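The values are calculated or read from the model by the stated rules, or taken from the named source; none is laboratory data. Just so it is clear, the structure is predicted and the values come from calculations on it, not from any experiment. When we count neighbours, we look across all protein chains shown, and the Cβ atoms used for this are built from the backbone with ideal geometry, even at glycine.
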Ligand code: CUA
């Protein structure tokens, strides 16, 4: 070796390189283990609008797969076939080939035009806002970090759980109170951004009754991951019952329940009433409407199941349970929490 020569070492040690292929194969096998009933599976459409997206995405994916195999295959073939075979000779140098160049210009243009026609058609189709008596209108507002659902014709306001009837077009208007969010119930629709000072429109329709999980899909601050959502689809008859229960004012706590009466007093005294609405009693507009809290299964951005234990933990220190929560720690005593929960229990 001459002076000044450096020893070239491979960037990846040889013993690691030997593991690359088995590792890739293992990854492929493991990632194919997903079962078919994942709650946020975007490849499992459960309504006509998500099916439209699916019916577009699958053929496009197939075309992309064929193109990938073809291009990579040709690349590998060319690398091997035209490689340098010894240190003394250069591979054959080729300049220009009209046929090949025409081919790889025209073929992708045709493929992209085909994909484009179907894509634009689907986008226009999904952008249409349905109208008519059989359409349910819902105003959805994103807040840091929870969802508000307002049914203007039904006079119902709720949070985190979007209740809908099956087989019905639900025309959603998306607005934001603060920053950009993204509304995404994967089995029912694609993602759509929720932008301040702008209205976006989405239509969903669920084939079957059930609970469909979703998630805010645009980073919106420290509790973005805690901004979950659920769409609860009922049969039309069950949905009518749900509307009836949620449109009426809640019953006042009765004198037989002194804890609840005390809790209602605390609800005002501690300032809860200036942030939360309870129809006929409080009109706060910062946090979720609590008029029929007990009609829901979850609270705090659909992060927690609604039960006494979780409510107690929440009321002790909301920002400790959901980082960044606008609801502050009110330093409530355990007795005050017991009374407040007794009052919240009456909001049925
Ligand atoms: Cu809202 Cu992320």
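Looking at the stretch 155-171, can you tell me whether even one residue there is farther than 19 Å from residue 235 by Cβ, touching a helix residue (DSSP H, G or I) at 6+ places or on another chain (Cβ under 7 Å), away from the ligand (no atom under 12 Å from the Cβ) and modelled with pLDDT under 95? Checked the stretch 155-171: at least one residue is farther than 19 Å from residue 235 by Cβ, touching a helix residue (DSSP H, G or I) at 6+ places or on another chain (Cβ under 7 Å), away from the ligand (no atom under 12 Å from the Cβ) and modelled with pLDDT under 95. Total residues in the stretch 177-201 satisfying the condition of being within 16 Å of the chain's Cα centre (by Cα), within 15 Å of the ligand (Cβ to nearest atom) and part of a strand (DSSP E or B): the figure is 7. Take residue 193 and tell me if it is at negative phi, in contact (Cβ under 8 Å) with a residue 24 or more places away in the chain and crowded, with 16+ Cβ neighbours inside 10 Å. It is true that residue 193 is at negative phi, in contact (Cβ under 8 Å) with a residue 24 or more places away in the chain and crowded, with 16+ Cβ neighbours inside 10 Å.
Residue by residue, here is whether (1) exposed (fewer than 10 other Cβ atoms within 10 Å of the Cβ); (2) modelled with pLDDT of 65 or more; (3) in contact with a helix residue (DSSP H, G or I) (Cβ under 8 Å, 6 or more places away or on another chain) holds:
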site: 7; (1), (2), (3): yes, no, no
site: 21; (1), (2), (3): yes, yes, no
site: 27; (1), (2), (3): no, yes, no
site: 43; (1), (2), (3): no, yes, yes
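Applying a threshold of 9 Å to beta carbon distances and a minimum spacing of six or more residues, or different chains, the list of pairs starting in the stretch 127-146 at a residue that is under 18 Å from residue 205 (Cβ atoms) and within 12 Å of the ligand (Cβ to nearest atom) and ending at one that is modelled with pLDDT under 95 and not in a strand (DSSP E or B) is empty.
Every residue, every condition in (1) without any contact (Cβ under 8 Å) to a residue 60 or more places away in the chain; (2) out of contact with any helix residue (DSSP H, G or I) (no Cβ under 6 Å at 6 or more places or on another chain); (3) more than 28 Å from residue 229 (Cα to Cα), yes or no:
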| residue | (1), (2), (3) |
| --- | --- |
| 253 | no, no, yes |
| 268 | yes, yes, yes |
| 275 | yes, yes, no |
| 284 | yes, no, no |
| 296 | no, yes, no |
| 299 | no, yes, no |
| 307 | yes, yes, no |
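Restricting attention to the stretch 225-245, does a residue exist that is assigned to a loop (DSSP other than H, G, I, E, B), at pLDDT 95 or above and within 16 Å of the ligand (Cβ to nearest atom)? So far as the stretch 225-245 goes, yes, one or more of its residues are assigned to a loop (DSSP other than H, G, I, E, B), at pLDDT 95 or above and within 16 Å of the ligand (Cβ to nearest atom).
Of the candidates 237, 233, the single residue that is touching a residue at least 24 places away in the same chain (Cβ under 8 Å) and closer than 30 Å to residue 186 by Cα is 233.
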